[in-house]
Structure formats: C-alpha cells, structure tokens
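The block underneath contains the structure these notes are about, expressed in structure tokens.
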Amino acid sequence: MATYSGTFIPTGASANSRINRVVDTYLTPRLMGFRQIEMYEEPATLMRDQATWKVSFGNWLSGYDWKVRKNGQPLLAADVTIVSYLLGTFTAGTPDLSGDNRPQDTIEVTYQFDYFPIAVLEGFIYQAVQHINTAAFGPPTGFTIDTAPDYWDSAIADFAFAVCMEKLLLDYDLWKYRLIFAIGPNEVEGGGGDIVSQLETLKQNAEARLEQSINNEKFKSGNYLAVPTVYYFDSIRGIGSSGRHGVPFVGGRLRGWRPNRYL
C-alpha cells in the first residue's frame, strides 16, 4: 500500500474513493503528528498464553522499522514475530518464567502507531455527512458520502477533525493516553491543562469553519435554475400568428407584435 510522502502513514486505505480523498487530502496533513506516533522502548506485558507480548497501543504502522530489546539486548528481526499489527502483539522466543509463571525477561519495544486509523476516520466522515444533511440551512436532505456535492469535502473534513479533537479530549481522561503527549511524569498522573486547552481551541476553530459553511443558504442547493419547459414558453407567449401552445416558438424578438397607427 502507498504511504504519505515522507511518512509510514498509508494512503488509499479505504474501499471508498471519496473517503480516501477527504482523508488523504484534507485530514492527514492536519493529523499527521497523531497518525504517526513513535513510542520509545516501552515495556511490553506478557499475555496469558505465556508466549505473546503486548504494548499499550495497537494500529502499528507496518512499514516502520520497529525495534525490540530483550533483557537489554537488541533482537534481530528474525527473532521476533509480529502476531498482530492491529493489536500490537508479538512473540520474542520462549519467555523465561519463574515458578509462579511470572516472566523473568524484560521486553522493551520501539514502534510507531496510528492514533486515527482509517476505520475510525471513516466513522467520523459518515457521521459528518449525516450531520450536514440535518444541520445545514434548509430542510433535511439524504445525501451520502458518494452523492454529496464535491464542495462538501471541506465541511466534512472540518466536522471529522473536530470529532478527532473530541476523541482526544475524551481519551485524555485516562492516564494511558497522556503518554503520547510531551508532558512530565507528574503531569501524566495529574493531567496537563495546557494540552486540554489547545485541543479545545483546535476543535472550536474547526467547528467555526463548519458553521460558516453550513449556514450558507445555498450550501445544499447551490445556484441551480430549472430548465425552461414548453409550458413556460406558452405562458409568456400566448397564442398568436407566430406560434401555438405546445410548440417551441421560432420567431423574432417581438413575438409577432406589430405597432399600429394609434400607438
């Protein structure tokens, strides 16, 4: 699969070409830092099967040259088997277990993961279309991601971006997600107020742009005019020597009218 230039972020990851256009053109450039987060030497946890190790975050970027250290020594790629990039699980040989089946090995992993994988962004984009269908100026409409006008792309992206920031704010309530921000150990436990305010500002900016778009009275309908019908021409022409009802008129600008000596 192709990747975004200079990164390991996949492009064209959705089965829907319109979603790929919104994600790759509008969202990824704004979310790039969150779509390629690097974790350095994170301690892994041995799972119940006593063979598989797991780290905090899944959705690993498969193109990244991940690194595994066992008991302080780097392992070769041949010594490590990725079980699931989605779950962030792998094996690294046979674990050394104590009498109570507790691991004596220490495993540390350096990897990159995507905080907003395509499955998450697809959900936000579908939600954006339905929101615009009901919230934009005028009566509700029934557009889908495939039938919505092209000029909806920016509004869809702003909505999806705002919801991404909302997800970050919600996840930030758990200490695990604070690990991805550049804050000190004490702030990881207590939370960093500056991070929250910055995320809220980004969310509000996207919502303001979205509101400006969907409050446009012509956002849903555009500048469209109905094609004139034969009944329209009949209504403005009437019946005369130059034409008859139901037949397109062929004649001059005055439609058969002639002045007389009394005018």
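Can you tell me how many residues within segment 114-173 are closer than 17 Å to residue 29 by Cβ, buried (at least 19 other Cβ atoms within 10 Å of the Cβ) and of a type outside the set (A, V, I, L, M, F, W, C)?
Within segment 114-173, residues that are closer than 17 Å to residue 29 by Cβ, buried (at least 19 other Cβ atoms within 10 Å of the Cβ) and of a type outside the set (A, V, I, L, M, F, W, C) number 3.
For segment 1-20, give me each residue that is out of contact with any helix residue (DSSP H, G or I) (no Cβ under 7 Å at 6 or more places or on another chain) and either under 22 Å from residue 146 (Cβ atoms) or loosely packed, with under 15 Cβ neighbours inside 10 Å (or both).
1, 2, 5, 6, 10, 15, 16, 17, 18, 20
Quick check on my filter: what residues within segment 212-228 are at pLDDT below 60 and among the β-branched types (Val, Ile, Thr)?
Passing the criteria: only 227.
Inside segment 46-63, can you point out the residues that are touching a strand residue (DSSP E or B) at 6+ places or on another chain (Cβ under 6 Å) and either modelled with pLDDT of 95 or more or crowded, with 16+ Cβ neighbours inside 10 Å (or both)?
46, 52, 53, 54, 55, 57, 59, 60, 61 - these are the residues of segment 46-63 that are touching a strand residue (DSSP E or B) at 6+ places or on another chain (Cβ under 6 Å) and either modelled with pLDDT of 95 or more or crowded, with 16+ Cβ neighbours inside 10 Å (or both).
Please work out which one of (1) of a type outside the set (D, E, K, R); (2) assigned to a loop (DSSP other than H, G, I, E, B); (3) in contact with a Phe, Trp or Tyr (Cβ under 8 Å, 6 or more places away or on another chain) is the condition residue 154 fails and give its number.
Looking at each condition in turn, residue 154 falls short on (2).
Within segment 23-36, take every residue that is surrounded by fewer than 17 Cβ atoms within 10 Å (Cβ to Cβ) and farther than 19 Å from residue 123 by Cβ and give me the one that is modelled with the lowest pLDDT.
33
Among the residues of segment 46-65, is any part of a strand (DSSP E or B), more than 30 Å from residue 159 (Cα to Cα) and touching an Asp or Glu at 6+ places or on another chain (Cβ under 6 Å)?
No, segment 46-65 contains no residue that is part of a strand (DSSP E or B), more than 30 Å from residue 159 (Cα to Cα) and touching an Asp or Glu at 6+ places or on another chain (Cβ under 6 Å).
The values are calculated or read from the model by the stated rules, or taken from the named source; none is laboratory data. Small disclaimer: the values here were computed from a predicted structure and weren't measured. Neighbour counts run over all protein chains shown; Cβ positions are idealised from the backbone, glycine included.
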